[in-house]
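These notes concern the structure reproduced below.
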Amino acid sequence: DGGITQSPKYLFRKEGQNVTLSCEQNLNHDAMYWYRQDPGQGLRLIYYSQIVNDFQKGDIAEGYSVSREKKESFPLTVTSAQKNPTAFYLCASNLQGAQGRTEAFFGQGTRLTVV
Amino acid sequence: SQKIEQNSEALNIQEGKTATLTCNYTNYSPAYLQWYRQDPGRGPVFLLLIRENEKEKRKERLKVTFDTTLKQSLFHITASQPADSATYLCALVDSWGKLQFGAGTQVVVTP
């Protein structure tokens, strides 16, 4: 089955630690995205990538880093510089091309809590 | 700045009635607009896409309209059911290729 997989589902981070959230897709999608969602809030874009080895900052990139070494993978690192990282993190992907961009597929999310 | 605005107040409706949600946008010139459903603790799921040259799109009990002059999309759920209770998000691609979402509107359908 094709899809997009995030892991882990729950993650606990101590103060000052870096943690990495995994996102893998086997949909052969070009573009991948990371969003953050706080309780009762909408999705805020952290980073996005439209092609391998290239990515751009979204609206709230500070304290986060990403890489896109493979088309299938777009891991997100939450660094110690992110002062309030407790949130629900969502990864998405979609197919982009000359016919226009299509609907996004989302992973099941990672809930990160600082302890 | 670019904005996507949805009604932040929850929409409470009775089963069988039509729910109508609004998505307004500013400083976008979208070629298309998308609607998603999100259940608590889950990722959003795509529902419908409507292009700028389409006035209306339907899928089962869902209907979407798109008015590029008013910069507005309306999302209708007809003959609503308790299973339709969820948060509904609209989304646009901005001029840099970023997929941006509105904050969503929660719909609560009571029997």
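The single condition among (1) farther than 27 Å from A:A87 by Cα; (2) in contact with a strand residue (DSSP E or B) (Cβ under 6 Å, 6 or more places away or on another chain) that B:I4 does not meet is (1). Counting only strands (runs of 3 or more DSSP E) wholly contained in region A:1-113, the ones carrying 1 or more residues that are free of Cβ contacts under 8 Å to residues at least 60 places away in the same chain and at the interface with chain B (Cβ under 10 Å from one of its Cβ atoms) occupy A:31-37, A:43-51, A:54-57, A:87-94. Report yes if some residue within region B:35-45 is touching a helix residue (DSSP H, G or I) at 6+ places or on another chain (Cβ under 9 Å) and within 14 Å of chain A (Cβ to nearest Cβ); otherwise report no. The answer is yes; a qualifying residue exists. B:A19 satisfies every condition listed in (1) away from chain A (no Cβ under 14 Å); (2) surrounded by 13 or more Cβ atoms within 10 Å (Cβ to Cβ); (3) closer than 30 Å to A:K9 by Cα except (3).
Just one of the listed residues (B:R51, B:R42) is within 21 Å of B:S85 (Cβ to Cβ) and without any contact (Cβ under 8 Å) to a residue 24 or more places away in the chain, namely B:R42. Within region B:17-31, can one find any residue that is without any contact (Cβ under 8 Å) to a residue 60 or more places away in the chain and either in contact with a Cys (Cβ under 8 Å, 6 or more places away or on another chain) or part of a loop (DSSP other than H, G, I, E, B) (or both)? Yes. For B:T26, the criteria (1) closer than 30 Å to A:W34 by Cβ; (2) at pLDDT below 95; (3) within 14 Å of another protein chain (Cβ to nearest Cβ) hold in every case but one, which is (3).
Residues in region A:22-41: is at least one touching a Lys or Arg at 6+ places or on another chain (Cβ under 6 Å) and surrounded by fewer than 21 Cβ atoms within 10 Å (Cβ to Cβ)? No; the residues of region A:22-41 include none that is touching a Lys or Arg at 6+ places or on another chain (Cβ under 6 Å) and surrounded by fewer than 21 Cβ atoms within 10 Å (Cβ to Cβ). Could you tell me which residue of region B:53-111 is farthest from the chain's Cα centre (by Cα), considering only residues that are part of a loop (DSSP other than H, G, I, E, B) and either of a type in the set (S, T, Y) or crowded, with 20+ Cβ neighbours inside 10 Å (or both)? The extreme case among them is B:S95.
The values are calculated or read from the model by the stated rules, or taken from the named source; none is laboratory data. Keep in mind the model is a prediction, meaning the values are calculated, not measured. Every residue, glycine among them, receives a Cβ derived from its backbone with ideal geometry; neighbour counts consider all protein chains shown.
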